[in-house]
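What follows is a set of notes on a single structure, which appears directly below.
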Amino acid sequence: MDSFRYKDGTLYAEGVPVRKIVEDVGTPAYVYSRETFLDHYTKIDKAFAEVPHLICYSVKANSCLAVLAVLNEAGAGFDVVSGGELVRVQKIGGDMKQVVFAGVGKTDEELAQALRAGILMFNVESEAELENIDRIAGQLKADGEIREPARVALRVNPDVDPKTHAYITTGKKENKFGVDLERASRILQEAGRFPNVRVAGIHAHIGSQITEVKPYQESLGKVVKFIQEHRRKEVPIQYLNSGGGFGIWYQDRKAQPASKYAEVIVPLVKDSGCTLVLEPGRFISGNSGIMLTKIVYVKESAGKRFLIVDAGMNDLVRPSLYGAFHEIWPLDAEALPPTRGGGPAEGAAYTQSDIVGPICESGDFLAKDRALPKGLGRGDVLAVYSAGAYGYVMAGNYNTRPFLPEVMVRGDKHYVVNRRQTVEELLEREKVPQELL
């Protein structure tokens, strides 16, 4: 599952005692395992080896340059959703022919930027976007900046409920993503209206943190049938992009291994005659990172026990935003965390606590009513698990709090790959013109 393990009662990241990282960079901080990133990537690659495929890691899950560089070295492509993410991929030497650009609101500047970079294709969300890409590609071609038509994958909405959180469901008809199959058919039949665009694929991402295979079977079954019908009409569809969304373990063990998803998806890809494009993010990065936070106060009030820590909702917003569960356990503990076969047992010394941050909001919490080893107090450090995806990338500077450092471990060594921001750096872009005073 990951390379964060307890040895002799203390937490290690691969071969490094996490306590050593705390001594080096302090808290709060993010810690990543290089070994785990590569292990999860390789598991997907092997699971889909029977069919031609391209794994485009979803940069939005964790966009740290060191993470991208490690995955690039392993052969990954990338799924970007902004011009800034594209620059990150360029900065680490990513192959632009293995980059797909997704998102419902790509600006003219971002479209031109990606066309000049020569990316593999855009995931197109609407007819209006298709028309805009055709217009911009035509301008760039006339100016001699590009030679080939823009390649796109038309995103379809198969109206399938993936049974996940409402905020990360994308494949139902009421969601803002993609077009229905009937409209998609009309667009393909009228593709000749767009001389500067080539529809090279069909895209069908239905959501995130999907822990069952049935939604993929249902959605891709519809999509493959759609592709076969249009192949008979001589529409040259080359790519089937199923997006990402494979779920991971946070609290329970419901998530499936990559091989289980492949059992359903691979036969459908074979029927489609297409090259499969996958856009995993969380599956690769989620359990590849932890966040470290230190207890600064213990408070008892109205029968409640609060552990007040130095990390807040601005550092990890998922519990506040989604009601998300993250396993939290001290660095030094005789028992393993509950998700690893340990934790509260009958007669054991555990107490229920809310783990809360320093932000001036009642929504600033990392966990509520969580059973933790008794005796935790000021100065003890906690590890917040499954924080490698949508942790740092969703962080902010609320309450003028600087961004945390990011650390990557390889074997028995650790490296600061993104240093802690200072308040001075946070403020340096601001100014107060004298004319305002």
Worksheet item: If only one of TYR398, TYR390 is out of contact with any strand residue (DSSP E or B) (no Cβ under 8 Å at 6 or more places or on another chain), surrounded by 15 or more Cβ atoms within 10 Å (Cβ to Cβ) and on the phi > 0 side of the Ramachandran plot, which one is it?
Response: TYR390
Item to complete: Taking the options ASP364, ASP380, ASP369, name whichever one is in the same structural domain as VAL16 (by TED's automatic domain parsing), touching a strand residue (DSSP E or B) at 6+ places or on another chain (Cβ under 8 Å) and more than 21 Å from GLY26 (Cβ to Cβ).
Response: ASP369
Response to the item:
For segment 346-381, the count of residues that are of a type in the set (Lys, Arg) and in contact with a Ser or Thr (Cβ under 8 Å, 6 or more places away or on another chain) equals 2
Fill in: Yes/no for GLU14 being under 27 Å from SER259 (Cβ atoms), assigned by TED's automatic domain parsing to the domain that holds ALA335 and either under 16 Å from the mean Cα position of the chain (by Cα) or not polar (S, T, N, Q) (or both)
yes
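Taking the stated definitions as given, is GLY379 buried (at least 19 other Cβ atoms within 10 Å of the Cβ) and either under 30 Å from GLY9 (Cα atoms) or touching a Gly at 6+ places or on another chain (Cβ under 9 Å) (or both)?
Details: buried (at least 19 other Cβ atoms within 10 Å of the Cβ): no; either under 30 Å from GLY9 (Cα atoms) or touching a Gly at 6+ places or on another chain (Cβ under 9 Å) (or both): yes.
In short, no.
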Worksheet item: What number of residues in segment 411-426 are touching a helix residue (DSSP H, G or I) at 6+ places or on another chain (Cβ under 7 Å) and either among the small types (Gly, Ala, Ser) or crowded, with 17+ Cβ neighbours inside 10 Å (or both)?
Response: 2
Item to complete: Among the candidates ARG34, ARG19, ARG5, single out the residue that is without any contact (Cβ under 8 Å) to a residue 60 or more places away in the chain, over 30 Å from GLY201 (Cα atoms) and not polar (S, T, N, Q).
Response: ARG5
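Considering only segment 200-223, I want to know if a residue exists there that is over 29 Å from the mean Cα position of the chain (by Cα) and at pLDDT 85 or above.
First pass over segment 200-223, keeping only residues over 29 Å from the mean Cα position of the chain (by Cα): none.
Within segment 200-223, not a single residue is over 29 Å from the mean Cα position of the chain (by Cα) and at pLDDT 85 or above.
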Practice prompt. Pull up segment 19-46, narrow it to residues that are among the hydroxyl-bearing types (Ser, Thr, Tyr) and crowded, with 21+ Cβ neighbours inside 10 Å, then point me to the one that is farthest from VAL296 (Cα to Cα).
Written response: TYR41
Worksheet item: Considering segment 347-405 alone, what residues qualify as being closer than 19 Å to ILE295 by Cβ, of a type in the set (Phe, Trp, Tyr) and under 21 Å from the mean Cα position of the chain (by Cα)?
Response: TYR385
Worksheet, complete the sentence: Listed by first then second residue, the pairs whose first member lies in segment 211-233 and is among the aromatic types (Phe, Trp, Tyr), whose partner is surrounded by 14 or more Cβ atoms within 10 Å (Cβ to Cβ) and at pLDDT below 90, with beta carbons under 6 Å and at least 6 positions apart or on separate chains, are PHE226/LEU181
Worksheet item: Is there a residue being in contact with a Phe, Trp or Tyr (Cβ under 9 Å, 6 or more places away or on another chain), β-branched (Val, Ile, Thr), surrounded by fewer than 19 Cβ atoms within 10 Å (Cβ to Cβ) and outside any strand (DSSP E or B) anywhere in segment 354-369?
Response: yes
Response to the item:
When VAL80 is run through (1) touching a Ser or Thr at 6+ places or on another chain (Cβ under 8 Å); (2) within 30 Å of ILE290 (Cβ to Cβ), the failure sits at (1)
Worksheet item: Among ALA262, ALA324, which is the only one that is at negative phi and either crowded, with 19+ Cβ neighbours inside 10 Å or not in a loop (DSSP other than H, G, I, E, B) (or both)?
Response: ALA262
Discussion item. Among the residues that make up segment 282-299, is at least one of them touching a residue at least 60 places away in the same chain (Cβ under 8 Å), assigned to a loop (DSSP other than H, G, I, E, B), over 24 Å from GLN352 (Cβ atoms) and not acidic (Asp, Glu)?
Written reply: no
Worksheet item: Taking the condition among the hydrophobic types (A, V, I, L, M, F, W, C), surrounded by fewer than 19 Cβ atoms within 10 Å (Cβ to Cβ) and part of a helix (DSSP H, G or I), does LEU140 pass?
Response: yes
Worksheet item: Could you give every pair whose Cβ atoms fall below 6 Å, whose first residue belongs to segment 124-146 and is outside the structural domain of SER185 (by TED's automatic domain parsing), and whose second residue is at pLDDT 95 or above and surrounded by fewer than 17 Cβ atoms within 10 Å (Cβ to Cβ), counting only separations of at least 6 or pairs across chains?
Response: none
Worksheet item: Just one of PHE122, PHE78 is farther than 24 Å from CYS64 by Cβ, at pLDDT 95 or above and touching a Phe, Trp or Tyr at 6+ places or on another chain (Cβ under 8 Å); which is it?
Response: PHE122
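Just to verify a result, which residue in segment 83-120, among those that are touching a Ser or Thr at 6+ places or on another chain (Cβ under 8 Å) and over 17 Å from HIS205 (Cβ atoms), is surrounded by the fewest Cβ atoms within 10 Å (Cβ to Cβ)? Steps first, answer last, please.
Narrowing segment 83-120 to residues touching a Ser or Thr at 6+ places or on another chain (Cβ under 8 Å): 83, 85, 88, 103-104, 110.
Narrowing further to those that are over 17 Å from HIS205 (Cβ atoms): 83, 88, 110.
On the way: GLY83: 18, ARG88: 20, GLU110: 21.
The selected residue is GLY83.
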Worksheet item: So which residues in segment 41-89 are in a helix (DSSP H, G or I) and charged (D, E, K, R), if there are any at all?
Response: LYS43, ASP45, LYS46, LYS60, GLU73, GLU85, ARG88
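Within the bounds of segment 291-314, is there any residue that is hydrophobic (A, V, I, L, M, F, W, C), farther than 20 Å from VAL22 by Cβ and in contact with a helix residue (DSSP H, G or I) (Cβ under 9 Å, 6 or more places away or on another chain)? Write out each step before concluding.
Kept after step one, since they are hydrophobic (A, V, I, L, M, F, W, C), are these residues of segment 291-314: 291-292, 295-296, 298, 302, 306-309, 311, 313.
This time we only want the ones that are farther than 20 Å from VAL22 by Cβ, so: 302, 306, 313.
Those left that are additionally in contact with a helix residue (DSSP H, G or I) (Cβ under 9 Å, 6 or more places away or on another chain): 313.
The answer is yes; a qualifying residue exists.
The values are calculated or read from the model by the stated rules, or taken from the named source; none is laboratory data. In this text the structure is predicted, and so the values were computed from the model without any measurement. For neighbour counting, all protein chains shown are included, and Cβ atoms are generated from backbone atoms with ideal geometry for every residue, glycine included.
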